[in-house]
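**Q** Here it is, the structure, as structure tokens.
The values are calculated or read from the model by the stated rules, or taken from the named source; none is laboratory data. For clarity, every value in this text was computed on a predicted model and none was experimentally measured.
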Amino acid sequence: MFVYWRTPVRVHVETERCQGHGVCVVTAPALFEFQDDGKAVAAARELAPADLDGARAAEASCPELAIVIEGKLSAARES
């Protein structure tokens, strides 16, 4: 059996680095959208564990390295 613990996990876009390529919006449309200025913005909520894969994929694919994931979800096998 696994026991999970977490600190709040959030993703945000560093707007000063974002150039509006939109890779994050395409990769994880439930988590990112375009602002009026053409730059991306992330959901302003705590991420569910099911959202982490999409957030990680968007972070890895951002050509400007503008996506930051904060917090932690960990698992440990209960003995």
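**Q** Criterion first (at pLDDT 90 or above and on the phi > 0 side of the Ramachandran plot) does L65 satisfy it? Outline the logic, then answer.
**A** Numbers: at pLDDT 90 or above: yes; on the phi > 0 side of the Ramachandran plot: yes.
Yes: the conditions hold for L65.
**Q** Sticking with this one: Can you pull out the strands (runs of 3 or more DSSP E) entirely within segment 1-59 that have at least 2 residues that are among the charged types (D, E, K, R), under 16 Å from E70 (Cα atoms) and at pLDDT below 95?
**A** On the way: elements: 2-13, 32-34, 40-42.
Strands (runs of 3 or more DSSP E) meeting the threshold: 2-13.
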